[in-house]
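Below: one structure, written as structure tokens.
The values are calculated or read from the model by the stated rules, or taken from the named source; none is laboratory data. Keep in mind that this is a model prediction, so the values were computed, not measured. Please note: Cβ atoms are built from the backbone with ideal geometry, for glycine as well, and neighbour counts cover all protein chains shown. Ligands, DNA and RNA are stripped out before the accessible areas are found, and what is left, the full protein with its side chains, is counted by its heavy atoms. Shrake-Rupley method; radii C 1.70, N 1.55, O 1.52, S 1.80 Å.
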Amino acid sequence: MAQIAKISEQVHLKSSAHKVYDFLKNKMDFVIQMFPDIYKGCDVLEGNGFSHGSIIHLKYNLGSPAEVKERIAIDDANKSITFECLEGDVFRDFEVFKLKIQVFDNGSNGSSVDWSIEFVKANEDVPPPHSYLIFADKISKGLDDYLCNN
């Protein structure tokens, strides 16, 4: 069996951890609308909206159009949301692909969002999925700007 690899990026934000996590958990559809250059569409296939156990179909563009079907896992105790890819374009390059967002409180210094990706490459020629972390940084900073100004 291939080795599971992990890459991550931590983004420091001015907004509180509670505000960031609450927005990500309860307004995921709005997050998708905020970044039309990245997200091209999203449909809930199973479940109650963007809730624990729901399965979504997401269309996005990180340099080329792609689609995935993902299961959402929400962990309120750890302020984390995991998107486990079940099928889609990501499997051209990866056998396993899970994206996790975890929010941490930095006290009076705002919060941090840790974006991590667990993956198994389909073959050794596939580079790690760093492009996803570049866009995660953009999404985090855009969300922080929105929360600080609204």
Check: Quick one: net charge of Gly49's neighbours, Cβ under 12 Å, K/R +1, D/E -1?
Finding: -1
Margin query: Rolling a 1.4 Å sphere over the protein heavy atoms, what is the accessible area per residue of segment 23-107, to the nearest Å²?
Written below: 52
Notebook entry, point to check: Which of the residue pairs Lys25/Lys121; Lys14/Lys69; Lys79/Lys138 have a Cα-Cα distance greater than 24 Å in the structure shown?
Noted result: Lys25/Lys121; Lys14/Lys69
Item checked: Cβ charges +1 (Lys, Arg) and -1 (Asp, Glu), total dipole of segment 34-150, debye -> 180
Checklist line | Contour excess over end-to-end distance, with Cα ends at Gln3 and Glu124 and 0.36 nm allotted per residue | finding: 42.4 nm
Note to self: Given a 1.4 Å probe and heavy atoms of the protein chains only, how would you sort Lys141, Lys6, largest accessible area at the top?
What the structure shows: Lys6, Lys141
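With a 1.4 Å probe and all protein chains kept in place, how do Cys85, Cys42, Cys148 rank by accessible area, largest first?
Descending accessible area places them as Cys148, Cys42, Cys85.
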Next item on the list: Can you tell me the 0 to 90 degree angle between the C-alpha axis of helix 17-26 and the longest principal axis of the chain, rounded to 10?
Entry: 50
Notebook entry, point to check: Spin-label point model (7 Å from Cα, Cβ direction): what's the Lys59 to Ala73 distance in nm?
Noted result: 2.9
Note to self: How tilted is helix 130-149 with respect to the longest principal axis of the chain? Cα atoms for both, answer in degrees (0 to 90, nearest 10).
What the structure shows: 20
Notebook entry, point to check: For segment 51-150, what's the relative contact order in percent, using C-alpha pairs closer than 8 Å and at least 6 residues apart?
Noted result: 18
Next item on the list: Using only Cα atoms, locate the centre of segment 2-18 and the centre of segment 79-135, then give the distance between them in Å, rounded to an integer.
Entry: 8
